[in-house]
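Heads up, the thing below is written out as structure tokens.
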Amino acid sequence: MAGPALRKWRLSARSAETSSTIFLILRRMRAPLIVLITIFAVSVLGLTLIPGRDEAGHAVRMGFFDAFYFMSYTATTIGYGEIPQPFTGGQRLWVMATIYLTVVGWAYAIGSLLTLLQDRAFRQALALQRFTRTVARLREPFLLIVGYGQTGQLLGRSLDAIGRRFVVLDASGERVDVLDIDSYHADVPGLAADAGDPQALGVAGLGHPRCEGVLALTDDDEVNLVVAMTAALLRPGLPVIARTVSPAIEQRMRAFGSPAVVNPFDRFGDHLRVALRSPASYQLMSWLESGPGAELPQRGRPPTAGRWVICGYGRFGRKLADDLRAEGLEITVIDVRPDAVAGPGIVGDASEPAVMARAELDRAVGFVAGTDNDTTNLSLIAAARRINPALFIASRQNRPASAPLFAAMDTDRLLVPTETVAREIYAQLSTPLLWRFLQDMPGRGDDWAAGIIDRLTRLCGPHLGSVWKVELTSRDAPALEPYVRTGDATVGGLLRSPQDRDQSVAAVPLLLHRDSGTILGPDGDITLEPGDQLLLAGRPSARRALLDTMTHHAVSEYVLTGRTVPSGWLWQRVTGKVPRRPSS
């Protein structure tokens, strides 16, 4: 969208919300205000018509200004007294009547105001204005998360752990209310509105200059499509990551720009193929995608020969069957819909023993419970295990509430679409180098991945520490610049401990990015060059130690050369031990 049009869209979104609040107040308070104004007008008019008497006993009438002044302090219970001289009996009688009238008017107005404050629409209007101001005041980059279900919440916690700001837009007010009780490090603005409304997306920050990406994570593929379309049309070039399980919707999304589309069914099949070929690579991939603190998953190996039985031949079953066939495996499909089963499949309800018997599970090696009903999947797994306890079991978990049941069932592979989407998007957002590493890593083979896992577990234990990127530029690593520029810094030298350079920090280099090329698992003797980017995994203490090496000249001098120099400028001049500087 062109600049003036974009500004007009932003202004129209804000002005619409402001106007709605003002008009709501005027509409609800119109009658009480008219009543109050009428009472004041009648009271003032009456005082000007009823004659009083001056000190000489002459009849005088009060002017409009004096009458209004008197009613102003009388009706507000201040009560300065009678002006400009004591009232006559007629005037006092009128004043008494007006006092009771104003009390009634004020009671009506205050009651209406209290009703307005408790009005749901008014509170929503105030919350919307507060949300709009909060988003407008954001001065750091943020992501717009559209859809705050399980995927959005998992992703939000992961993003918050690495210090990324985000704004939430969801159709459910209950989900948005959860933001107030979640223990995030920073305040997370949330708006309950229709995510498919471009106006709501604008209010949520789509047009904000600090918005660095949009994540369409609702459970509705059509809504995710609308979000992707809106972002592509109104903010072309803005990164968009969208979730969908429909290939048709995915194609329609790709018609608008180049969004990153995450299909959990596709990913499960792709990951299963990686697990079939390279179990250690799949284990490392799952561990790194889980984020900081994740426990090393078990390394299982699916059977690579024999026949698999898939119950449920919908979108998930079809995609998984294609992936398994591509690996040369034989597939038997069971589905209740005759039109869904193509080729040599079994039509029927798999929960019936007769249908299950036709699948000959005793001669199969793998079983997949892939229907869209968790109860059915659990019963299918139990039945299959009774027939053949040695089966490799994979299943699909559809509802978050079913997690304890599937955990108790202890399947070999479990697809939780929300977790799959959250992990992949986290891998893409936490650092692009991690995503590139995950894409290229299976190509290095299973032994290489097993070696990386061994190094990580020796240094960090069974729980993943931090995964972070360092960039060897003069801004991020000023203390390393003289060594990198002259070729005196290596990967191994950089990872020496600032306390004892004979020891290494607890970090493993996963990837070195240079120009357009990458080196997976770079060796310690590789010479670093200006602009290099390193992806590392290790303990948080290693990250802090590496930051010291990159920014403190005295530390970098010791780490890279072994020469000890004072850290203070005065003591360096007194001892004559000055660390190497960029100008030297």
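Worth pointing out:
- Rounded tilt (10° steps) of 417-430 against the dominant C-alpha axis of the chain: 90
- Along the range 259-267 the Karplus relation, 6.51 cos²θ - 1.76 cosθ + 1.60 evaluated at θ = phi - 60°, assigns HN-Hα couplings of x, 7, 9, 10, 10, x, 5, 4, 5 Hz to successive residues, with x for each Gly and Pro.
- Derived scalar couplings between HN and Hα for the range 230-241 equal 4, 5, 5, 7, 8, 10, x, x, 6, x, 10, 10 Hz in order, rounded to whole Hz, by the Karplus curve 6.51 cos²θ - 1.76 cosθ + 1.60 (θ = phi - 60°), x for Gly and Pro.
- Nearest-ten-degree value, helix 120-136 long axis tilted from longest Cα axis of the chain: 60
- For Leu191, the residues whose amide H sits under 5 Å from its own are Val168, Leu169, Asp170, ignoring neighbours fewer than 5 places away on the same chain, with H placed 1.01 Å from N.
- Accessible surface of the chain, 1.4 Å probe: 55 percent of it comes from carbon and sulfur atoms.
- Student exercise, the range 334-471 dipole from Lys, Arg, Asp, Glu Cβ charges, in Debye to nearest 20: 300
- Using the Karplus relation 6.51 cos²θ - 1.76 cosθ + 1.60 with θ = phi - 60°, the per-residue 3J(HN,Hα) values for the range 209-219 come to x, 8, 6, 9, x, 10, 10, 8, 10, 6, 7 Hz, with x marking Gly and Pro.
- Calculated FRET efficiency for the pair Thr551/Ala403, C-beta based, R₀ 30 Å, to 0.05: 0.10
- Here the range 71-214 is assigned +1 on the Cβ of each Lys and Arg and -1 on the Cβ of each Asp and Glu. Its dipole about the Cα centre then comes out at about 320 debye.
- Mean residue ellipticity (222 nm) of the chain, computed from DSSP H runs ≥ 4 via -39,500 (n - 2.57), nearest 500: -16000 deg cm²/dmol
- Rounded to 10°, Cα long-axis angle of helix 64-75 versus longest principal axis of the chain: 60
- Looking at the range 56-122, the accessible area is 65 square angstrom per residue; that uses a 1.4 Å probe and ignores ligands, DNA and RNA.
- For the chain, the residue among Phe166, Val421, Leu47 whose Cα projects farthest onto the positive side of the dipole built from Cβ charges is Leu47.
- Cα gyration tensor shape for the chain, rounded if a/c is under 1.5, else prolate or oblate: oblate
- Positive-end residue, the range 447-527 charge dipole about Cα centroid, Cβ charges, pick of Leu456, Ser466, Leu510: Ser466
- Positive-end residue, the chain charge dipole about Cα centroid, Cβ charges, pick of Thr134, Ser402, Ala200: Thr134
- Placing unit charges on the Cβ atoms only, positive for Lys and Arg and negative for Asp and Glu, gives the range 244-393 a dipole magnitude near 260 debye about its Cα centre.
- Arg139-Ser474 FRET efficiency (beta carbon distance; Förster radius 41 Å; 0.05 resolution): 0.95
- Stretchable slack from Arg485 to Thr564, in nm (0.36 nm times residue separation minus alpha-carbon distance): 26.3 nm
- Spin-label model, Leu126/Tyr108: points 7 Å from Cα along the beta carbon direction are separated by 2.4 nm.
- Probe 1.4 Å, accessible area per residue of the range 450-576, Å²: 47
- Accessible area in square angstrom per residue, the range 278-387, 1.4 angstrom probe: 44
The values are calculated or read from the model by the stated rules, or taken from the named source; none is laboratory data. This one's a predicted model, so the numbers in the text were calculated from it and none came from an experiment. Every residue, glycine as well, gets a Cβ built from its backbone with ideal geometry; the counts of neighbours run over all protein chains shown. Heavy atoms of the whole protein, side chains included, go into the accessibility calculation; ligands, DNA and RNA do not. Shrake-Rupley method; radii C 1.70, N 1.55, O 1.52, S 1.80 Å.
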